[in-house]
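Let me begin by presenting the structure, written as structure tokens, before commenting on it.
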Amino acid sequence: MDIASREHIIQLINRFYEQVTQDETIGFIFNDIAKVNWEKHLPLMYDFWETILLDTAAYKENVMGIHFSLNRKVPLEEKHFKRWLELFNSTVDSLYQGEIATLAKKRASSIASLMQFKMKQENEGIRIKK
């Protein structure tokens with residue numbers, strides 16, 4: 001079965017973040033550093049993924065700004081993005097297969113690469129200023 005509805009996205013995102021919060025590599029970022037309010041965060045993530053996978057206009061936030069703020073608290077490194085992507089891809093693969101599932105993994109890879117690049121730039125800029 002492929003990803004075809006918001007309900008599928010909700011299932012994917014819920015399962016993904018259950019794993020994230022328990023993960024040794026990135027769980028602390030969400031639990032201890034960001035102290036994520038899941039009641040607020042999860043609906044935003046449903047909107048975000050619905051927008052980029054099902055071509056809706058549900059998500060209206062600035063995704064980069066939030067991550068820059070977090071990066072200033074704890075530098076987000078390659079290992080964090082790699083693990084996030086591994087968990088995301090394995091979650092997709094455990095639930096869905098098909099064109100949209102493949103698109104989800106491609107989009108996640110692009111997002112992880114772009115964010116990693118931007119956070120690395122910021123981290124290098126901070127080091128140079130000191």
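The values are calculated or read from the model by the stated rules, or taken from the named source; none is laboratory data. These figures come from a predicted structure and were not determined experimentally. Heads up, the Cβs are rebuilt from the backbone with ideal geometry, glycines too, and the neighbour counts pull from every protein chain shown. Heads up: the accessible areas ignore ligands, DNA and RNA and are worked out on the full protein's heavy atoms, side chains in. Shrake-Rupley method; radii C 1.70, N 1.55, O 1.52, S 1.80 Å.
Just a few scattered comments:
- Other residues within the sphere of radius under 14 Å centred on the Cβ of SER69, judged by their own Cβ, net out at +2 (K and R +1, D and E -1).
- Secondary-structure-derived ellipticity at 222 nm for the chain, considering helices only, amounts to -24500 deg cm²/dmol, per-run term -39500 (n - 2.57) for DSSP H runs with n ≥ 4.
- Fully extended contour minus Cα-Cα distance, from ALA58 to ARG6, at 0.36 nm per residue: 17.7 nm
- Nearest 10 degrees, 0 to 90: helix 6-22 Cα axis against the chain principal axis: 40 degrees
- Identified option (computed Kirkwood radius over Cα pairs in Å; candidates (1) 20.6; (2) 15.4; (3) 14.2): (2)
- With respect to the chain, whose longest principal axis is taken over its alpha-carbon atoms, helix 99-129 is tilted by about 10°.
- Note on GLN22 and VAL74: their simple-model spin labels are 1.9 nm apart, each label 7 Å out from Cα toward Cβ.
- Taken about its Cα centre, the range 6-130 carries a charge dipole of about 620 debye when Lys and Arg each add +1 at the Cβ and Asp and Glu each add -1 at the Cβ.
- Potential lengthening between LEU103 and LYS40 on full extension [0.36 nm per residue; Cα-Cα distance subtracted]: 20.1 nm
- Protein-only accessible surface at a 1.4 angstrom probe places the residues THR102, THR51 in the order THR102, THR51, largest first.
- Average accessible surface for the range 11-84: 59 Å² per residue, computed with a 1.4 Å probe over protein heavy atoms with every protein chain in place.
- Unit charges at the beta carbon, dipole of the chain: most positive-side option, ASN37, SER90, GLN11: ASN37
- Residues listed by number, the range 1-41, amide nitrogen under 14 Å from ILE66 label point at 7 Å toward C-beta: 13-14, 17, 30-31, 34-41
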